[in-house]
1. Quick check: from the Cα gyration tensor, does region 56-119 come out rounded (a/c under 1.5), prolate or oblate?
2. Would you work out the charge dipole size for region 196-267 about its Cα centre, treating the Cβ of every Lys and Arg as +1 and the Cβ of every Asp and Glu as -1, and quote it to the nearest 20 debye?
3. What ³J(HN,Hα) values, in whole Hz, does the Karplus curve 6.51 cos²θ - 1.76 cosθ + 1.60 give for region 107-123 when θ = phi - 60°, with x put for Gly and Pro?
4. Taking region 218-283, which trypsin sites (Lys or Arg not before Pro) meet the DSSP loop condition and have no more than 16 other C-beta atoms within 10 Å?
5. Tell me which lysines have Cα within less than 23 Å of Lys173's Cα, excluding those fewer than 8 residues away on the same chain?
6. Taking a probe of 1.4 Å, how large is the accessible area per residue of region 221-308, in Å²?
7. Can you give the helix-only mean residue ellipticity at 222 nm for the chain, where every DSSP H stretch with n ≥ 4 adds -39500 (n - 2.57) and the sum goes over all residues, rounded to the nearest 500 deg cm²/dmol?
8. Between Arg185 and Asp280, what's the calculated FRET efficiency when r is the beta-carbon distance and R0 is 35 Å? Round to 0.05.
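The values are calculated or read from the model by the stated rules, or taken from the named source; none is laboratory data. Bear in mind that the values here come from a model prediction, so they are computed numbers and not experimental data. All Cβ positions, glycine included, derive from the backbone under ideal geometry; neighbour counts span all protein chains shown. Ligands, DNA and RNA are excluded from the accessible area calculation, which covers all protein heavy atoms including side chains. Shrake-Rupley method; radii C 1.70, N 1.55, O 1.52, S 1.80 Å.
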Amino acid sequence: MKKILYLAVLLVAFQTTLTKAQSKLEQDRKAILSLGGFYKVTFDYGETFSPDTAYKNHAQYHASGYEWAVVEQESPKKIVIQHILVIGDTSVIKHWREDWVYEEANVLSFDKASAWNKTKLSPTDTKGRWVQKVFQVDDGPRYKSIGTWVHVDGRHEWHSECDSPLPRREFTKRSDYNVLRRGNRIYLTDKGWMFEQDNQKIIRDANGDKLLVREKGYEEFTKADEAKFAYAQKWWKTQQPYWTAVRQVWDEVYAQPGTLKLKGKVDGKLLYERLFDLADQSAKGKWDAVKNKEAARKVIADYVEKTV
């Protein structure tokens, strides 16, 4: 009798734990899905402190625009959100992409000089946590980081830290550092969501890492009128099949062993320029999935270097 009661208690405890885990997972998913939508975005960055007293902070960066965050894929443990940048009434740019994967063990860790190393996380490191995979405008790698969504006192937020290439706002303008160590904090607000950052600009070489300067950043996403995005929605409908194929080609690249290293310009063009050109050709020619993948695979292969 005592044994039966003991087993019953264990079963109840297990079911309670399982229910709580499922409830937490659903809260996480709801928070991530709420990042999608139509937004006015403001970008504010400023350098704050350098250990070198002779260093002079660069000018603060301020910008704004409109962005449509499209939920492209949704499954129980993976959510894909594509950002579309809107400039004016008829100018649209495919912007960055974020994949959220629950308890993902395989990540690409940025090293330096357009190189990413494959990292295997332990079950302890991944349990209950989400990896946010952020991709360039050409769907190439940018950074991957892992963190736990926290839901308490009406707050919903996620924290992580990882290394990444220089931000787009500085990539072509600066060469005095080569790694941006991101301290990422994403949290929901009454008007949308905030992407707050505590960053370190790092000089990385064979001797290790050296801090150049710290930086504070805020990207505020405020809900906007969907009517502003009417042209963008029509445009993305023609472009989306091509970029689905591009993502599939990149998945093939990411599945290969060894360090992933990308080239800069090839024949005078950056990768995103060539892929954007193909996107327009695909939309005009109404290419099918096979042609889209063949064209994208050929171009991407020109920019990929592999080292073991």
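1. Values: a/c = 2.63, a/b = 1.17, b/c = 2.25.
Cα axes put region 56-119 in the oblate bin.
2. Here the size comes out at about 240 debye.
3. Rounded to whole hertz, the list is 10, 9, 9, 5, 9, 5, 6, 6, 10, 10, 9, 7, 10, 9, 8, 7, x.
4. Numbers: sites: Lys223, Lys228, Lys234, Lys237, Arg247, Lys261, Lys263, Lys265, Lys269, Arg274; in loops: Lys263, Lys265.
Passing both the DSSP loop test and the Cβ count: Lys263, Lys265.
5. Straight-line reach from Lys173, under 23 Å: Lys56, Lys94, Lys112, Lys201, Lys210, Lys216, Lys261, Lys263, Lys265, Lys269.
6. On the way: 5150 Å² over 88 residues.
On a per-residue basis, 59 Å².
7. Working: 5 runs with 91 residues, N = 308.
Rounded to the nearest 500, the figure is -10000 deg cm²/dmol.
8. On the way: r = 37 Å, r/R0 = 1.05.
Using R0 = 35 Å, I get an efficiency of 0.40.
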